[in-house]
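Step one of this worksheet: look at the structure below.
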Amino acid sequence: MPATALALGALALALAWPLPILLSRARWPARSPGLALVLWQSIALTGGLSMIGALFAYGLLGFGTNALAGIRSLSVHAGSGAVPAGMTFSQVLALAAAFLLTGHLLLNLAATFLRARVQLRRHRHLVALLSEPSADRPGTRVIDHEAPVAYCLPGGTTSATVLSRGLISLLEADQLRAVVAHERAHLLQRHHLVLLAFRSWRSALPWFPIATRAETAVGLLVEMLADDEARRQVDDRTLAMAIALVGSAHGPVTGAGDTGAGDTGAGDTGAGDTGAGDTRPGDAGAGDTGAGATRTGTGPRDTDAAAFARPDHPFDLLTPRLRRLVVDTPRLRRHQGFGVLAASAGLLALPTLLLLT
Amino acid sequence: MGNLGVLERLLMDVLWDSGQALPANELRDRLLTPAAVAASRKPLATTTVLTVLSRLETKGFVTRDRDNRPHLYRAVRTRAEHTAELMHEVLGSAPDRQAALARFIGNVTPQEAESLRLLLSPASGE
């Protein structure tokens, strides 16, 4: 049992620090974003389970020699209201922490989903009043606004893709087709659920930088997955051009960058810097990493930018999502894919196995 | 009852365009546009308008002046204000709210999009 608690603690540490860092820096997720998404979910879930499991296993030491006996003894003692003789203070604390952490994470998850539901309902009402159904695209509504935006509103049977008039006049027909396919993929693959789960994890552990990094990485993977669906309808260049047009039109319209999280207006000054860097590839190295930092204002993306800032190639200025559209990026080989899946499943089973042995 | 949504939108358009408080029967008269007639598929009754108004009131888009007989209905905010609220959420200027909405361009920054555009344009001109 002490060994179990230690092993779970070590697993929790590994999943809280080195493994997510490695994964967020790796380049293979751009090749198979779906597999990377599975691995991220496994890391997050196993991380939580092993954190709780380590505390629980340590606290159970006061109750029994193995987990099953400990749990049985715990339930008996919980009924009688007494604590077994010889249980140390730190074990009591650990046990309480395990229960509190579990409750905290679950309540936060529920609160995040409820809050999102309320916000979505209000937003759906607004959309219903301010937009018209598109005549030639089922499940699509058009809002009368000059800013080019496209997004999706999840909601079961009432889910919809919303396009703005500005977007429709900006893009050509097949670029629009790419946008709609992209948004429909978000809806069909229920990406908002994954995003909400990771967002709840981050808001439950605000002092934990890896949670933010994971949320960013998952957000990026979800976009890649939706891009992949769009690429089945149009060629890569069309999709890339649609992103480039919509993305670069956003700047002047919104006035600031669009990451939302860390916007302090620094993005505006960053615009000039990157612009200069792009036209003069010679001095790109240091300057571009710097621009990467001002671009997002949040930590996680800095490393992405740094990883790609080799001055000799303009493609390297792009973050992974765009890069894979302009540079040939083969999918992971079959055995590599199986490896990722096996690792995800193995990770997920590990805390339970450790606790029961 | 699926066309209630359409009627809600048309009714709000009337209220927004008029910019003043109106009684239900006046609203019904102004709603007799071809689009609204097509949506209701039958002569529009004042009771239907009242149903639609009370739905809009519950959702917080319409307020009712009960001191007056008949009651007067008024849009809570202008169309422009509501549009601004919606775009605010979509463009993520309210960081707390954007998670539920996955936008097409995601986290792509204007600068990055601009470099991509430069990268793509010379070849597309060939």
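Using a Debye calculation, one point per C-alpha and no hydration shell, please list log10 I(q)/I(0) for the stretch A:104-258 at q = 0.08, 0.11, 0.15, 0.18 Å⁻¹ in order. At q = 0.08, 0.11, 0.15, 0.18 Å⁻¹ the computed log10 ratios are -0.25, -0.48, -0.89, -1.21. Chain B against chain A buries an accessible area of about 5100 Å², both chains summed, 1.4 Å probe radius.
Taking the three principal axes of the alpha carbon atoms in the stretch A:66-177, the coordinate ranges are 75, 26, 22 Å, sorted in descending order. Taken residue by residue and averaged, Cβ atoms of other chains lying within 10 Å of the Cβ of A:120-128 number 5.
Summing Cβ point charges (Lys, Arg +1; Asp, Glu -1) relative to the Cα centre of the stretch A:104-258 gives a dipole of roughly 740 debye.
Rounded to the nearest 10 square angstrom, A:Glu146 shows an accessible area of 120 square angstrom against a 1.4 Å probe. For the stretch A:1-160, pairs of C-alpha atoms spaced more than 29 angstrom apart make up 49 percent of the total.
Treating each Cα of the stretch B:4-75 as one equal point scatterer and applying the Debye formula with no solvent, the log10 of I(q)/I(0) at q = 0.14, 0.19, 0.23 Å⁻¹ comes out as -0.36, -0.67, -1.00. Quick one: net charge of B:Thr46's neighbours, Cβ under 11 Å, K/R +1, D/E -1? So the surrounding residues net to -1. One Cα centroid belongs to the stretch A:181-225, the other to the stretch A:105-153; the line between them spans 17 Å.
The values are calculated or read from the model by the stated rules, or taken from the named source; none is laboratory data. Just so it is clear, the structure is predicted and the values come from calculations on it, not from any experiment. Because the Cβ atoms are built from the backbone with ideal geometry, glycine has one as well, and the counts that use them run over all protein chains shown. For the accessible areas, the whole protein counts, side chains as well, though only heavy atoms, and no ligand, DNA or RNA atoms are used. Shrake-Rupley method; radii C 1.70, N 1.55, O 1.52, S 1.80 Å.
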